[in-house]
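Worksheet for the structure shown next.
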Amino acid sequence: MKIKAKRVYLRRVYDDGNGEVLVAVCDAELLGKRFKQGRLRLEVKTAFYQGELSTIEEAMRALAGASVANLVGEETVRAAVREGFVDPRAVIRFGEVPHVQMIHI
């Protein structure tokens with residue numbers, strides 16, 4: 001039996017003025033949801049995160065070319081840590097949902 005890979009939403013935004021690339025990735029089931037941790041709030045807005053429905057592998061390839069990234073969800077953040085894009089100590093949680101931002105300088 002073949003197991004279907006988990007899907008994520010992947011959105012790339014190119015800033016042609018500076019050549020910067022913003023990549024937003026979220027686990028598909030989190031799109032449109034809101035989370036709270038103390039005074040912090042996270043809204044996984046459709047307008048920001050919804051792009052192509054992709055595999056986690058495609059999302060990690062997109063991160064390789066990112067200047068800035070916003071990542072939400074267990075699968076997404078775990079893969080970014082595993083691939084060395086983000087330090088696990090930078091991850092914050094909104095309840096059970098991990099979130100991390102990446103800036104490549």
Which one of these is surrounded by 13 or more Cβ atoms within 10 Å (Cβ to Cβ), farther than 28 Å from G38 by Cα and without any contact (Cβ under 8 Å) to a residue 40 or more places away in the chain: E58, E83?
E83
Looking at segment 67-76, which of its residues are buried (at least 19 other Cβ atoms within 10 Å of the Cβ) and touching an Asp or Glu at 6+ places or on another chain (Cβ under 9 Å)?
V72, G73, E75, T76
Select from segment 91-105 the residues that are among the aliphatic types (A, V, I, L, M) and loosely packed, with under 12 Cβ neighbours inside 10 Å and write down the one among them that is nearest to the chain's Cα centre (by Cα).
I103
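Based on what the data block shows, is G38 farther than 16 Å from I103 by Cα and either crowded, with 19+ Cβ neighbours inside 10 Å or at pLDDT 95 or above (or both)? Quick ask: steps written out before the conclusion?
Details: farther than 16 Å from I103 by Cα: yes; either crowded, with 19+ Cβ neighbours inside 10 Å or at pLDDT 95 or above (or both): no.
The answer is no for G38.
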Of the conditions (1) within 14 Å of V8 (Cβ to Cβ); (2) within 12 Å of the chain's Cα centre (by Cα), E52 satisfies every one except a single condition; which number is it?
(2)
Do you know which residues across segment 60-105 are in contact with a Ser or Thr (Cβ under 8 Å, 6 or more places away or on another chain) and over 20 Å from V44 (Cβ atoms)?
H104
If you go through segment 12-35, how many residues are at pLDDT 95 or above and among the basic types (K, R)?
2
Kindly list, by first and then second residue, each pair from a residue in segment 9-20 that is in contact (Cβ under 8 Å) with a residue 40 or more places away in the chain and surrounded by 13 or more Cβ atoms within 10 Å (Cβ to Cβ) to a residue that is among the hydroxyl-bearing types (S, T, Y) and in a loop (DSSP other than H, G, I, E, B), limited to pairs with Cβ atoms under 7 Å and residues at least 6 apart or on different chains.
E20/S67
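The values are calculated or read from the model by the stated rules, or taken from the named source; none is laboratory data. Being a predicted model, the structure only gives us computed values, none of them experimental. Backbone-built Cβ (ideal geometry, glycine too); neighbour counts: all protein chains shown.
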